Amino acid sequence: MEYRKLGNTDIDVSVICLGTMTWGEQNNQEEAFAQMDCAMDYGVNFFDTAELYSVPPRKETWGSTEKIIGDWLMDRKCRDKVILATKVTGRSGMKWFRNKETRLNREQINLAVEGSLKRLKTDYIDLYQLHWPDRKSNFFGQLSYKHQNDDEYVEIEDQLEILSDLVRSGKVRYVGLSNETPWGVMKFISCAERLNFPKVVSIQNPYSLLNRSYEVGLAEISMREKCGLLAYSPLAFGMLTGKYDNGSKPDGARLTLFGEMFTRYTKPKGLKYSEKFNDLAKKFDMSPTQMALAFVNSRDFLTSNIIGATNIDQLKENIESFSIRLSSEILEEIEKISNENPFPCP
């Protein structure tokens, strides 16, 4: 396994991070235990979860993934071998978390941390992330930015002060962002420097062959500020595995089960370009999955690539991408396709 520094910390995390959001929905606890055991055998030491999970988010299942991980950590007695990341839910209309609108204020972040610690059966979280901003902005692929005067959002200085208190308490070691914009990331960084609060060490945003929008502004921030990318959806919800090519709908697959809820990668441009990339992999006798993941792994601004699977065969194929180096010829062909439409699925 290859390891990289988590931001400006002394923590080494595996370049492959184990994503967990299917556990409690598409996978039961026994299957999740097997995935964690397998990942550890490969040298994966970085797990990512959230209080929101499993996905799709539902009142009946939120927190279930953290509970499964906590049971595994307790059973395997290996907490010291895992770098554990989780997230607090951003501003949303989902009131089942704390019987009110979710907000990134002191009351709710403190309640969220305590809940995650209890479910995870641990007394500290290595990386605590804000799942998405409290302010109104563009994320989750939204375009056509229209500025809204939003006097109600929790100020970034206040969010940092809350997170700083959690770090001082020992409940959280480091803090990170997710689904953030370049303005948001630099605001967090500059406020931390000015107020002597903990600096964010990572940005968990989407990045794949179908969505390279991270490269426009955030990649430079990652490199200059030592705040690397934790890439989610590197396979674009499975579109870059080839299993949905030609209109296929495999039994039990996420987009077969929940396709009406997850349309980010299934619009016409997503279908067109996923098949182009998948065909390119086959031209070079490569697995589409491993070519797509190896591309993400090769980026200088990447800290770790968050993969997810619903069975062990998928998991092994995903993890083994860490050892693949793409030739200059393949990379040139990828750029040719990308130049036609750099991010068909923003």
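General remarks:
Okay, residues lined up against (1) over 25 Å from LEU229 (Cα atoms); (2) surrounded by 21 or more Cβ atoms within 10 Å (Cβ to Cβ); (3) free of Cβ contacts under 8 Å to residues at least 24 places away in the same chain:
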{"position": "CYS38", "(1), (2), (3)": "no, no, no"}
{"position": "THR49", "(1), (2), (3)": "no, yes, no"}
{"position": "VAL82", "(1), (2), (3)": "no, yes, no"}
{"position": "GLU101", "(1), (2), (3)": "yes, no, yes"}
{"position": "ARG106", "(1), (2), (3)": "yes, no, no"}
{"position": "LEU111", "(1), (2), (3)": "yes, no, yes"}
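- When residues in segment 21-36 are screened for being touching a helix residue (DSSP H, G or I) at 6+ places or on another chain (Cβ under 7 Å), polar (S, T, N, Q) and surrounded by fewer than 18 Cβ atoms within 10 Å (Cβ to Cβ), 1 of them pass.
- Beta carbons closer than 6 Å, at least 6 apart along the sequence or on distinct chains, pair a first residue in segment 323-346 that is surrounded by 11 or more Cβ atoms within 10 Å (Cβ to Cβ) with a second that is among the aromatic types (Phe, Trp, Tyr) and in a helix (DSSP H, G or I) for PRO344/TYR273.
- Among residues of segment 197-217, those that are touching a strand residue (DSSP E or B) at 6+ places or on another chain (Cβ under 6 Å) and of a type outside the set (Ser, Thr, Tyr), counted: 6
- Residue in segment 108-127 that is among the small types (Gly, Ala, Ser), in contact with a Phe, Trp or Tyr (Cβ under 9 Å, 6 or more places away or on another chain), modelled with pLDDT of 95 or more and not in a helix (DSSP H, G or I) present: no
- Screening segment 89-107 for residues that are in contact with a Phe, Trp or Tyr (Cβ under 7 Å, 6 or more places away or on another chain) and of a type in the set (A, V, I, L, M, F, W, C) and picking the one that is nearest to LEU73 (Cα to Cα) gives PHE97.
- When restricted to residues that are among the aliphatic types (A, V, I, L, M), crowded, with 18+ Cβ neighbours inside 10 Å, touching a helix residue (DSSP H, G or I) at 6+ places or on another chain (Cβ under 7 Å) and part of a helix (DSSP H, G or I), segment 153-188 contains 5.
Rundown of residues vs (1) without any contact (Cβ under 8 Å) to a residue 24 or more places away in the chain; (2) over 23 Å from GLU220 (Cα atoms); (3) touching an Asp or Glu at 6+ places or on another chain (Cβ under 8 Å), yes/no style:
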residue: LEU271; (1), (2), (3): no, yes, no
residue: SER274; (1), (2), (3): no, yes, yes
residue: LEU280; (1), (2), (3): no, yes, yes
residue: PRO288; (1), (2), (3): no, yes, no
residue: PHE295; (1), (2), (3): no, no, no
residue: ASN311; (1), (2), (3): no, yes, yes
residue: ILE319; (1), (2), (3): no, yes, no
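- Looking across segment 257-269 at every residue that is modelled with pLDDT of 80 or more and in a helix (DSSP H, G or I), the one that is surrounded by the fewest Cβ atoms within 10 Å (Cβ to Cβ) is identified as PRO268.
- All positions within segment 217-252 that are surrounded by fewer than 23 Cβ atoms within 10 Å (Cβ to Cβ), in contact (Cβ under 8 Å) with a residue 40 or more places away in the chain and over 30 Å from PRO198 (Cα atoms): GLY242, GLY252
The values are calculated or read from the model by the stated rules, or taken from the named source; none is laboratory data. Note that the coordinates shown come from a computational prediction; the quantities given were computed from them, not determined experimentally. We place every Cβ from the backbone using ideal geometry, glycine too, and count neighbours over all the protein chains shown.
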